Structures are given as C-alpha cells and as structure tokens.
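Remarks on the structure that follows.
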Amino acid sequence: MIELEHVSRRFGEQLAVDDVSLSVARGTITVIVGTSGSGKSTTLRMINRLIEPSSGTIRIDGKDTAAVPGEELRRGIGYVIQGNGLFPHWTVARNIATVPTLLGWEAGRTEKRVDELLSLFSMRSEDFAKKFPHQLSGGEQQRVGVARALAAEPGLLLMDEPFGALDPIIRAKAQEDLLAVQRRLGITVVLVTHDMEEAIHLGHKIAVMDGGKLLQYAPPAEILANPAHGFVERLVNGVDRPFRLLSLSTVATIVEPGTADGPPLAETATLRDALSELLWLKRDALPVAGPDGSLIGRVSLAALRAHAGGPA
Amino acid sequence: MSRIIGPIARLAALGLLLALVLKPEWFVPVLKPFTENNAPVIYNQGSLLSLTLYHLGLVAIASLIGTALALVMGVFVTRKAGAEFLPLSRSLVNIGQTFPPVAVLALAVPVVGFGVKPTLIALVLYGLLPIFENTITGLKEVPENVVEAARGMGLDPTQQLFRVELPLALPVILAGIRLSVVINMGTATIGSTVAAKGLGEVIIAGLLTSNTSFILQGGIIVALLAVLIYDGLAILERRVAKRTGRLAEVAG
Amino acid sequence: MTEATETTTPATALTTRLDRVGIVVAVIAVLGMDWQPFATLKPNRLISGQGLSLAASLPTLWAAIGVGVLSIATIVAVLRTGALLRLATGIASLLLLAVLIGIVPATVVPPGNAYARVSPAAGFWLMAFAFAVLTTDAVAKLRLGPLARLAMLAGAVVTVAILLGSGHWDGLSILKEYATNAQKFWREGAKHVELALGSLAAALVIGLPLGVACHRNATLRGITLPILNIIQTVPSMAMYGLMIVPLGLLAAWSPLAASLGIRGIGTAPALIALFLYSLLPVVANTVVGLGEVRRSVVEAAEGMGMTRHQRLFQVELPLALPVILTGIRIVLVQNIGLVTIAALIGGGGFGTFVFQGIGQAATDLVLLGAVPTIALAFTAAVLLDAAIELSERRRL
C-alpha cells in the first residue's frame, strides 16, 4: 500500500506537482498518464525519493519514506526507466546483480537469483548471462532492465515510460510480459506513460495528471465511461473509445442464454474480439464456449452495443 | 558577468601588450628589481617592435602556406580521386603530431642550415597537420543528405565543394587553423635557438645573461600575443559557426 | 542516355592494376635510391662531408641485394597487391635498410680512422620514409586491432634493441656520439621520462577530482576551463621563462624552499610548467567523458540506490574512461615533446643534447636528443591508442 498525502513539488517558481493525494493498493498496477510536463514522472520519482517532495507525506506500507535514507529506500524498490539504463560496461548477469550486490548478498544467492530472473523472462542463462547490453536486441535489453529491477525481490516496482523506446510489436510483447510477471509475483506496480491506450491495457487503476494536478483517479472502465470534465474527456474522447471500453471486459460478462450458429467464441475473449468476429462473419450473434469447450450461451451484437456506449 | 569581464580583460591585455612593445621604458621601475649588477633593464639588442612584427610575420607566412597546402590536400583526399589516400593521410597526420615541434625544428637544421629557413619549414610542416586533420574531419562531417540535396539540385562537384561543403566545414577548419597558429607562435619562439629572428631572442638573451628582466619582457609579450590571437580567432570561429549553425567540436 | 559498354582499353587496364598510394611510394623510393646519396662520410664530427651512393657505400654483394630487394619492393608497392603482402614488403624493406646502413661504416671508413663519421643521408631517409608510408598505409587498410598494433610495436622495439645491442650500428655517427655521452644519455633520458610522467601524475591527482567537480558544478566549470585554456595557449618557452620568476623569488625568500631544491631554474619550474600544461586535457576530457555518460544510465544507478560515491566509481568513471585516456594520451605525447624545451632552463632531458648540438652545429648530437624523444612520443601514442581502443570495446 502506497499513500501520497497532499504531495507537492516546486522547481523554483514552477509548481511541478500540485497537492496530489492518492493511494495504491498492494498487488495492483496503477498507471499515471499525462502529457509531458504534467508532473507524472516527478510524482513517480518522489515515491523512491529520486526527487524530494516540497511538501506532503508519502507512506509505503504505513511507513513514512522520509524516515528512511534515500539510498536504502531505493534499494528496496524496483525501478525501470525508458531506454532501460543498463550499464554498458557490465555483463547482463552483473547488471541484474546490481542491487543484490549493493545489499551485500552472498555470491551464491545472487547467482541463483540471476538465473531465476533470466528464466522468468525466458532467457537462457548460458546464452545471456555473459553478454554485454550492446549485444542484445531492444526487447532483450528491456527485459533485462525489468529483471534487474526485480532482482532484490522488491514488493514495489516503479516504471517510468518503460516501453517508450520500443517498436510496436516488441512493445506489445513487453506489456504482456509485465502483466504475466505482475500476476505471478503479486507485486505492486506504478507505471508512468503518455499513452492512454497503454494505460487502459495495463492499469487496474489510472491516474490522469495535467499541469501538476491529479484530475481523475479511477479504474479504466470508469475513466472511459465517465471521464472528468475537461482534459480527461479530451484525452479519452477519441473514435476508439467504444473499442477501448469493449477491450476491458471479457465475453463471460455479457454471455446470455440461448444459442446461435457459427464458430463459438471463448468466454475469455475480450468483447472487442467478439465484436470483430461478429462483424467479420456478418452475424448478429455467436455461441460462447466455456473453458471445457462446451457451449454455455451466446453473445449478441445488441448486448455489445449496450456495453460499448457512453452514458445516455 | 563574463560578458563584462571578457571585453575588459581583452582590452587590458591588449593595452599591456602595446605598452610593453612600444613603450618598454615605462616598465623600468617594475623590472629593475629583477636585474643584478647594473645589467640593462630593457632589452637593448634590437627593437621589441621590430622583433614582434618579425615574429608575427613569420607565423603569418607559415600559417598561410600551411593552410593553403592543408586545404588542398584535405579536399583532395576527401574527393573520389584521392579516396585511396584517406586512410594513409589520417595515419600520417596522427603519427606526425606525435613528433615534438622542437624535434621537427632541430631536424630541419641539418638539412637547410641555420636561420629563418629551418624555422619556416618546421612551422609549415608542423602547422599544417591540425589544419589538414580538421579539414578532413570538417568535410567528412558535412551531412550526407545536404550534399545529396546539392547534387539533386544540379550543382556540379566544384559548386558542391565551394558553395556547400567548404562553408559547412569552415568552423572546424578554422578551429584547426587556430590550433596551428598557436602552435606556430610557440615554435617560432623556439626558432630563436636556431638563429631565426623573433621574440624568442629576448628570452634567450635573458637566459644566457641571467637577466630575469629580459625573460619577463619576452615571456609576457609572447604569452599575451599568443593568448590574444587565440582568443581573436576563437571569436571569429564562433561568428562563423553561428552563421552555419554548427559549432566546431574540436576543442582547442 | 545509353551507358557505354565496358571496354577495357589498355590505359584503363593499367590504371586499375596500379595502386595510387604505391605510385607515390615508388616515386619517393626511386628518388631516394637513384638521385640522392645513401650515406654521408665526414672526415670528422663537425666538417660537412661527402655523399655516397648506395653502390659506393656498400660491398658489391650487399649493394646488389639492396638494389634488387628494394626494387622488387617498389614494384610490389606500385601494383595493386594485397594489404598483408604490402605490410610484409614494407616491414622487410625497412629492416633491410636498417641492416644495410649498419654495414656502411666498415665498408667506407679505412680501419683505424677514429674521426671519420658515417651517417644516413637523404637517399636513406627518403627510402625509409617511402617504405614507412607503405607500411602505414597497409596497417591503416588492414584496420589492425589494438593488440596487433601492440605486437607490431613490440616487434619494432625488439628489432631496434637487437640492432643496437649487437653492435651492428656502432659505426654510425649517432652511436659514436652516444658512446661519448653514454652515461649522460641515460641520466638525461631518465630525467626526461621522470619529468613527463611526474607532471602527468601530478595533473591526474589534481585534474581528475577537479574534472569531477567541474562536471557537477557549472559555475566552477565556467571559471576553470577558460583559465586552463589560456594557460595551454602560452608558448612553452615563455611559460618556462615566466616560471623562473616566482620560483626564484620563493627560493630567495624561503630557505626551506631552497633546501628542497626549488630554484628559479632547473627541475622545479619545468615540472610546474608541464603540470600546468597537463591540466587542461585531463580536466576537459574528464568533464566531456562524464558528460557523455547517458542520462538514463546515471538515473538507473541512482534509482537502484547507489550512493554518489558508488555511482561515480562503479558507473560514471568506468564509462568515461576512454575519453579520459584520450586526455592522458594528449598530455603524455605533448609533455614528452615539451620536456625537450625544458633543457633551456636547465630542466634536463633529451633536449640538453638537442640544444647543445644546435649550439655546436653538431647534427649528430641533435639527433642523439631528437630521435629518442620522437621514439618515446611515438611509443606512448601507440600504447595509449591501444589502451583507449581496448577500454572502448564494452561501451554502447
């Protein structure tokens, strides 16, 4: 649990973060989204005290972060930045071992942890451990960057535009990896991005910031359905809004009794996928199959339409 | 702050230099304590002004010849016709610059004898190295797409060179010339040890007769000249760089 | 517009089979072989001598070998041949020239004449230059790695050591000059190295921390770098001269300073002047090197909880190393040359021979000072270039 209470940060005359309060639940992904200069990165960096708040309190698991020395605090929090920031003069293994080494872990434990993390990101230790960062592809570098941040088993992972430098295909893969790793380890993630699409895809909750202020802090569906007046509205009011909304829920949520002709949809498919299938097959409804493959009902175009619309 | 200090310091340095060269007698009270046994306080074996002019003339001639040679060679090895010479000339420049200027000077003596000739040869040969190097660097650094655009608009190779490439490379070339002139100022001073006329004479006369006052006069005049010339060329360079929007990366 | 069909006229065939660099090499080599004397024979140390052609300065067999091998080498240079062959040819030719010149004294000096001096003449130097160019061109085209270049340097050093140690060159005038100055040579040589390395060490001790401080503090940087730039601009002779004054005064006022050996002339002003010259490259390159470390890397180090100290020593300085080494290379090569001038103020070093030689119009003595200086500077440059490249390998 992370709690920010009336946190502000000034740079000279400029108020970069203006009285932000929010709390992040343990084991969730929170995405802070905003344009450049919105104060999103500053907010993130105040959590691990790379930037000290000018006023306000930040608590992690009830403990005021200001009471811990900055370096000690940061060694306990994973941190990933855009362009990964791998140390070019160190091997992959030594990069991952950075924080364990700083914490004085014994060599055997560190080595074991490095192997564990490499396999977590499906990189074979014997292939990658001895390589230098410049010998890796962009996607591999990014994975090593995340692995490095997770090395000392932190309960909290901070990510500052972690996928910003990746091309779209690698980016999508990296996002899936993150979701999988987060689910598996149950860690808390706070991620900063300027990409609303990414925020909706990754976040359990989204914090929208502009001009240093926190404008809205809500689950993605809520942000899409009821955006706060003004900036948030403009941010989400694109042509894609219904599709974004549909992509947040699975077919299971709107399955209705009855049958239909055609190839069955999996109940785990997103509503967006369901709509796509319906349109493509020129049908009004398709059957839905449960986990065991048996038909459990159907999904209709009308139900989708009801789900995708804004408030009347 | 530096905006005020810069011009004031420059003016002060220039004033001191002019006074030292034109009115050395003004400094008698200051320099007197540095002499012993009633030795002359002010350099008396020649006019400081003529030595200064001679020194500057030598450096100017050597730098002009060096610049001309270096430019022609630099342009040649960056054209298609001279491309084969590029790796070699880079290596030679690199090796040449490890030769100490004094050694070049000393080695020229046995070949051409004492006097101004070995000094001029050493100045030209050694001085052209940084200009040559920077000409190559400058021309190689001109963005590919700019040259491509020039070609696409129908400029012939000569027009490309004179209207596009050389102007863009100019700040880097100027940085090389500045470096070369400063090196030449120093080498010309040492040239006095092989009997070339110049300001080194004053320092050497001081060393030979243990007359610290001579050493001070010669040393300060040479130092001020070098610093002012360096500074002036740096200002010129910044003007040019501003116009082309490129700053020379070669620090000097 | 139609492309002309490719026809190989005799002229184009010739130009495609000839190497342009090789043509220059050949012109210089032929000039040296046929138009300029190979060696000079002087009745004694100071009188100017008479030039001897290659044929006149060697026994017939050696002259034939020399002309034959060097002609073949010239042909190899002119034709478009592989870089490795050219490299081997260049090295072999230089080696042959080194051996040949050592044979000259025994051939042309009547036995028992201790005054006569034999030295290489323009022809020898032109050929040596030509084949050095051939070698350099081949090395540049082969893009030899740092280790290969170090091996070549080691080979050259060993070869010269063997030629010197075996006494093969003992008849040459520069070595006769060495024989009369042997003790002094090593003393001045040690002094030369001591001054060059001592001033570098002092500059590192002061310059590295100063560079780090300048990197972190823009105000300090704005003051320090221009001052160091001005110092660097002052010509060396003026600098040495100006050093005399304050140190002389210090020695006159403070018996302690005088007892420590601080005087207006001698080692102290030389060392201080060299130290001042060394500061700019060390400080400026430290600043540039640290500035080039990518922001994200520094931030990652900070974000993972490294202290300032850990960040500097584990991340920033290792990454800035190649640029800092470049600064050290500049300093070392520059200082080895500048030490020569320190001889004017009694600082010692190889410059002592150079200026003595100039004073006596004794070319051989000038060479005894200049050649080892150049060799030292060249060796330092090759060593540090290799070190720079090796340190760059792991950078992005």
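The values are calculated or read from the model by the stated rules, or taken from the named source; none is laboratory data. Keep in mind that what you see is a predicted model, and the values were worked out from it rather than measured. In this analysis, Cβ positions are derived from the backbone assuming ideal geometry, glycine residues included, and neighbour counts consider all displayed protein chains.
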So, in region C:82-97, exactly how many residues are touching a Ser or Thr at 6+ places or on another chain (Cβ under 9 Å) and either surrounded by fewer than 17 Cβ atoms within 10 Å (Cβ to Cβ) or free of Cβ contacts under 8 Å to residues at least 24 places away in the same chain (or both)?
1
Read through the list (1) at pLDDT below 90; (2) hydrophobic (A, V, I, L, M, F, W, C); (3) closer than 17 Å to residue A:80 by Cβ, then give the number of the only condition that residue A:189 fails.
(1)
Identify all residues within region A:228-252 that are part of a loop (DSSP other than H, G, I, E, B) and of a type outside the set (Gly, Ala, Ser); write none if there are none.
A:229, A:237, A:239, A:240, A:248
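Given A:77, A:58, which one is in contact (Cβ under 8 Å) with a residue 40 or more places away in the chain and under 25 Å from residue A:174 (Cβ atoms)? Can you show your working first?
Numbers: A:58 fails: under 25 Å from residue A:174 (Cβ atoms).
A:77 is the lone residue from the list that is in contact (Cβ under 8 Å) with a residue 40 or more places away in the chain and under 25 Å from residue A:174 (Cβ atoms).
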So which residues in region B:32-53 are under 26 Å from residue B:196 (Cβ atoms), touching a residue at least 12 places away in the same chain (Cβ under 8 Å) and surrounded by fewer than 19 Cβ atoms within 10 Å (Cβ to Cβ)?
B:39, B:40, B:42, B:45, B:46, B:49
Which of the numbered conditions does residue C:310 fail, given that it passes all the others? Conditions: (1) in a helix (DSSP H, G or I); (2) at pLDDT below 90; (3) of a type outside the set (A, V, I, L, M).
(2)
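Quick check on this structure: which one of B:67, B:98, B:119, B:137 is of a type in the set (Val, Ile, Thr) and not in a helix (DSSP H, G or I)? Break it down stepwise before answering.
Details: B:67 fails: not in a helix (DSSP H, G or I); B:119 fails: not in a helix (DSSP H, G or I); B:137 fails: not in a helix (DSSP H, G or I).
It is B:98.
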From the list B:162, B:114, which one is modelled with pLDDT of 85 or more, surrounded by fewer than 19 Cβ atoms within 10 Å (Cβ to Cβ), more than 21 Å from the chain's Cα centre (by Cα) and not β-branched (Val, Ile, Thr)?
B:162
Spot the failing condition for residue C:184; the list is (1) touching a helix residue (DSSP H, G or I) at 6+ places or on another chain (Cβ under 6 Å); (2) away from chain B (no Cβ under 13 Å); (3) over 25 Å from residue C:384 (Cβ atoms), and only one is missed.
(1)
What pairs can you find where one residue is in region B:134-162 and in contact (Cβ under 8 Å) with a residue 60 or more places away in the chain, the other is aromatic (Phe, Trp, Tyr) and in a helix (DSSP H, G or I), and their Cβ atoms are less than 9 Å apart, with a gap of 6+ or different chains?
none
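So which of A:249, A:276, A:294 ends up being in contact (Cβ under 8 Å) with a residue 24 or more places away in the chain and either of a type in the set (Phe, Trp, Tyr) or surrounded by fewer than 18 Cβ atoms within 10 Å (Cβ to Cβ) (or both)? Show your work before the answer.
On the way: A:276 fails: in contact (Cβ under 8 Å) with a residue 24 or more places away in the chain; A:294 fails: in contact (Cβ under 8 Å) with a residue 24 or more places away in the chain.
Unique residue meeting the criteria: A:249.
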Which of the residues spanning region B:182-206 are at pLDDT below 85 and more than 8 Å from chain C (Cβ to nearest Cβ)?
B:195, B:196
Residue count for region A:157-196, restricted to those that are among the aliphatic types (A, V, I, L, M), assigned to a helix (DSSP H, G or I) and under 10 Å from the mean Cα position of the chain (by Cα)
2
The one condition residue B:35 fails out of (1) polar (S, T, N, Q); (2) within 30 Å of residue B:140 (Cα to Cα); (3) modelled with pLDDT under 85 is (2)
Go through (1) more than 10 Å from every other protein chain (Cβ to nearest Cβ); (2) touching a helix residue (DSSP H, G or I) at 6+ places or on another chain (Cβ under 6 Å); (3) of a type in the set (Gly, Ala, Ser) and name the single condition residue C:291 misses.
(2)
When you go through (1) within 14 Å of chain C (Cβ to nearest Cβ); (2) touching a residue at least 40 places away in the same chain (Cβ under 8 Å); (3) over 26 Å from residue C:228 (Cβ atoms); (4) assigned to a helix (DSSP H, G or I) one by one for residue B:167, which number turns out not to apply?
(1)
Members of region B:1-32 found to be basic (Lys, Arg) and at pLDDT 85 or above, listed by number
B:10
Criterion first (free of Cβ contacts under 8 Å to residues at least 24 places away in the same chain and either surrounded by 21 or more Cβ atoms within 10 Å (Cβ to Cβ) or polar (S, T, N, Q) (or both)) does residue A:141 satisfy it?
no
Unique match (being touching an Asp or Glu at 6+ places or on another chain (Cβ under 7 Å) and surrounded by fewer than 21 Cβ atoms within 10 Å (Cβ to Cβ)) among C:326, C:307, C:379
C:307
Hits in region C:126-155 - residues which are among the small types (Gly, Ala, Ser) and crowded, with 16+ Cβ neighbours inside 10 Å:
C:128, C:130, C:132, C:138, C:140
Looking at (1) part of a loop (DSSP other than H, G, I, E, B); (2) of a type outside the set (Gly, Ala, Ser); (3) closer than 30 Å to residue C:360 by Cα, which is the only condition residue C:81 fails?
(3)
All conditions in (1) in contact with a Gly (Cβ under 7 Å, 6 or more places away or on another chain); (2) more than 13 Å from chain C (Cβ to nearest Cβ) are true of residue B:100 except (2)
Counting only residues that are in a helix (DSSP H, G or I) and either in contact with a Phe, Trp or Tyr (Cβ under 6 Å, 6 or more places away or on another chain) or within 7 Å of chain C (Cβ to nearest Cβ) (or both), region A:79-98 contains a total of 3
Taking region C:230-248 as the region of interest, how many residues are more than 8 Å from chain B (Cβ to nearest Cβ) and among the polar types (S, T, N, Q)?
1
